[in-house]
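Student: There's a structure below that I have some questions on.
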Amino acid sequence: MEKRIRLAFLALLVTLIVGTVGLILTEHLSLAQAIFLTIETVTTVGYGDIEVHSNSGHVLLVLLMLGGVGVMLYFAGLMMAFMIEGELAGAYGRRKMNKKILNLQDHIIVCGAGRVGRQILYRLREEGASCVVIEKQEDLANQFVEEGFLVINSDATHDETLKRAGIDKAKGLITALPEDSLNVFVTLSAKGLNPAIHVVARMDELETEKKLLRAGADKVISPAILGAWRMAMSILKPVSVEYIDTVIHDHNIAMDMEELRINKSSCLVGKTLANSGIKQRTGAMVMAIVRENQVISNPAAEEMILEGDLLIVFGLREQLHRLEDVAANLIKLDLENI
């Protein structure tokens, strides 16, 4: 469509130039008069205020009427079709996207798709998480639509916008807006609409952390502090940092970290790490146990696994998938031979 519009515009431009030059040579009109009469002819206006006296001038106008008018109508038709189709396609696309958002469950809402939000979205996509983007800037929102994200082009501080993003069914919300005050406002709104939602908020100023926590944020993160810590560790412990980067970010290495909640029906309840068979049978390593508000780092082999514990485990992805099946009693471990 765009190529045809460019060609039609070029043909129209050539027609106007030929008509203008021809009228100047045949009728000795001024440049302004020649342009006006040429446009008047190809647009079929026909004011009749400028008369043509020579036969060559009449022939030229006849050619403009036969050819130029057709070119003009063709160009106008293409422009009209482009605008109508664009509006229809845009309306259809928005309706289709809204339907997808409406059907989402346990997704993540990301407020703000700037420098920080962009990286968050790309990481969530790599992890296969369902997410909805709320971005106020239209050009930025359209960019993420083209990249295949579900986007709402609106203000994240409005309750109605959060409702459209399905906040009542979302499991988490990340507010990465450029101003701390906006992140506080979004946090308050999100917790008011869904008190159970897990909120991670961005902060720039240190004094904002307490405000965000009071507003209900479950986790407050400063990109500046994290970046500074990372740079310092990269200079002090370059080998260790490079190893962690390789393990976490290199997609050729299938290592990962997972959170595993132990339910009442799990076969791991009541067993110690030593006789649970986790390491021996799955190969995954338990890095920590979160029990209520207590974090047990590097737990001992004698540490017992209780109902409701959250295991933070590390290993190959297939090892983690196998451990998930074990914890859900989908795979029985032969503990007698361990």
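The values are calculated or read from the model by the stated rules, or taken from the named source; none is laboratory data. Nothing here was measured: the structure is a model prediction, and the numbers come from that model. Neighbour counts run over all protein chains shown; Cβ positions are idealised from the backbone, glycine included. In case anyone asks, the SASA skips ligands and DNA or RNA and just uses the protein heavy atoms, side chains included. Shrake-Rupley method; radii C 1.70, N 1.55, O 1.52, S 1.80 Å.
Student: Counting only GluC sites (Glu not before Pro) that sit in a DSSP loop (anything but H, G, I, E, B) with at most 16 other Cβ atoms within 10 Å, what is the longest stretch of the chain containing none of them? Walk me through the numbers on the way to the answer.
Tutor: Working: sites that count: GLU51, GLU127, GLU147, GLU179, GLU205, GLU207, GLU292, GLU302, GLU307.
My reading of the result: 208-291 is the longest stretch.
Student: Another question about this same structure. Mind checking the dipole of the chain: about its Cα centre, +1 per Lys or Arg Cβ, -1 per Asp or Glu Cβ, Debye to the nearest 20?
Tutor: Working: 34 positive and 42 negative charges, 131 e Å.
Roughly 640 debye for the chain.
Student: I would also like to ask the following. Could you go through segment 118-130 in sequence order and give the Karplus-derived ³J(HN,Hα) for each residue, using 6.51 cos²θ - 1.76 cosθ + 1.60 with θ = phi - 60°, rounded to whole Hz, and x for Gly and Pro?
Tutor: Rounded to whole hertz, the list is 4, 5, 4, 5, 5, 5, 4, 5, 4, 7, x, 7, 7.
Student: Further question on the same structure: Among ALA190, ALA327, ALA215, which one moves the most in a GNM of the chain with springs linking Cα atoms closer than 10 Å?
Tutor: ALA327
Student: SER222's amide H: which non-local residues (gap 5+, or another chain) put their own amide H closer than 5 Å, with H modeled 1.01 Å from N in plane and none for Pro or chain starts?
Tutor: Long-range HN contacts for SER222: MET203.
Student: Then there's this: Given the pairs LYS99/LYS219; LYS3/LYS100; LYS169/LYS191, which are separated by over 23 angstrom at their Cα positions? Spell out each step's value before the answer.
Tutor: Details: LYS99/LYS219 30 Å; LYS3/LYS100 32 Å; LYS169/LYS191 13 Å.
As for pairs spanning more than 23 Å Cα to Cα, those are LYS99/LYS219; LYS3/LYS100.
Student: So what is the relative contact order for the chain, in percent, with contacts set as C-alpha pairs under 8 Å and at least six apart? Walk me through the intermediate numbers first.
Tutor: Numbers: 476 pairs, mean separation 32.2, N = 338.
RCO, the chain: 10 percent.
Student: With a 10 Å cut-off between alpha carbons and a GNM built on the chain, which of ILE167, ILE120, ILE39 moves the most?
Tutor: ILE39
Student: Spelling out what I want: for every residue of segment 233-241, take phi, set θ = phi - 60°, compute 6.51 cos²θ - 1.76 cosθ + 1.60 (Karplus), and round to whole Hz; glycine and proline get x.
Tutor: For segment 233-241, the Karplus curve yields 5, 5, 8, 7, 10, x, 5, 5, 5 Hz.
Student: Still on this structure, please answer the following. Cβ neighbours within 10 Å, averaged per peptide: list 15-23, 106-114 in order, most packed at the top. Can you show the working numbers first?
Tutor: On the way: 15-23: 19.2, 106-114: 23.2.
Per-residue mean Cβ counts within 10 Å order the peptides as 106-114, 15-23.
Student: Note the full-extension length gain between ASP218 and LEU66 as 0.36 nm times their separation in residues minus their Cα-Cα distance, in nm to one decimal. Please list the in-between numbers first.
Tutor: On the way: separation 152, 0.36 × 152 = 54.72 nm, distance 7.23 nm.
Between ASP218 and LEU66, full extension yields 47.5 nm more.
Student: Which cross-chain or sequence-distant (5 or more) residues have an amide H under 5 Å from the amide H of CYS131, H modelled 1.01 Å from N in plane?
Tutor: ILE108
Student: Accessible area per residue, 1.4 Å probe, Å², for the chain: what's the number?
Tutor: Each residue of the chain exposes 61 Å² on average to a 1.4 Å probe.
Student: Okay, next question. Give the label of the value calculated from the structure for Rg and Dmax of the Cα atoms in Å, choosing from (i) 33.0, 112; (ii) 21.9, 69; (iii) 24.2, 72.
Tutor: Computed from these coordinates, Rg and Dmax of the Cα atoms in Å corresponds to label (i).
Student: For LEU316 and GLN137, compute 0.36 nm times the residue count separating them, minus their Cα-Cα distance, and round to one decimal in nm. Numbers along the way, then the final one.
Tutor: Numbers: separation 179, 0.36 × 179 = 64.44 nm, distance 4.00 nm.
Length gained, LEU316 through GLN137: 60.4 nm.
Student: Karplus couplings for segment 322-327 from phi (6.51 cos²θ - 1.76 cosθ + 1.60, θ = phi - 60°), rounded to Hz, Gly and Pro as x?
Tutor: Couplings: 5, 5, 4, 5, 5, 4 Hz.
Student: On a full-extension model of 0.36 nm per residue, what is the gain between GLU51 and ARG94, subtracting their alpha-carbon distance, rounded to one decimal in nm?
Tutor: Numbers: separation 43, 0.36 × 43 = 15.48 nm, distance 5.30 nm.
Gain on extension, GLU51 to ARG94, equals 10.2 nm.
Student: Moving to a separate point now. With charges set only on the Cβ (+1 for Lys and Arg, -1 for Asp and Glu), what does the dipole of segment 143-275 come to about its Cα centre, in debye to the nearest 20? Before the final figure, lay out the partial values.
Tutor: On the way: 15 positive and 19 negative charges, 154 e Å.
It works out to roughly 740 debye.
Student: Dividing the convex hull volume of the alpha carbon atoms of segment 41-181 by its residue count, what do you get in Å³ per residue?
Tutor: Working: hull volume 25.8 nm³, N = 141.
Spread over its residues, the Cα hull of segment 41-181 gives 183 Å³ apiece.
Student: Could I ask something else about it? Calculated from DSSP H runs of 4 or more alone, at -39500 (n - 2.57) each and per residue, what is the 222 nm mean residue ellipticity of the chain, nearest 500? Provide the component values of the computation, followed by the final result.
Tutor: Working: 13 runs with 171 residues, N = 338.
-16000 deg cm²/dmol, from helical runs alone.
Student: Under a 5 Å amide H to amide H cut-off, with H placed in plane at 1.01 Å, what residues pair with GLU307 once short-range neighbours are removed?
Tutor: Here GLY270 satisfy the definition.
Student: Can you list the aspartates and glutamates whose alpha carbon sits under 18 Å from that of LYS163, skipping same-chain ones fewer than 8 residues off?
Tutor: ASP106, GLU135, ASP155
Student: For the chain, which whole-number percentage of the solvent-accessible area (1.4 Å probe, protein heavy atoms only) is attributable to carbon and sulfur atoms?
Tutor: Details: 12140 of 20510 Å².
Carbon and sulfur: 59 percent of the exposed surface of the chain.
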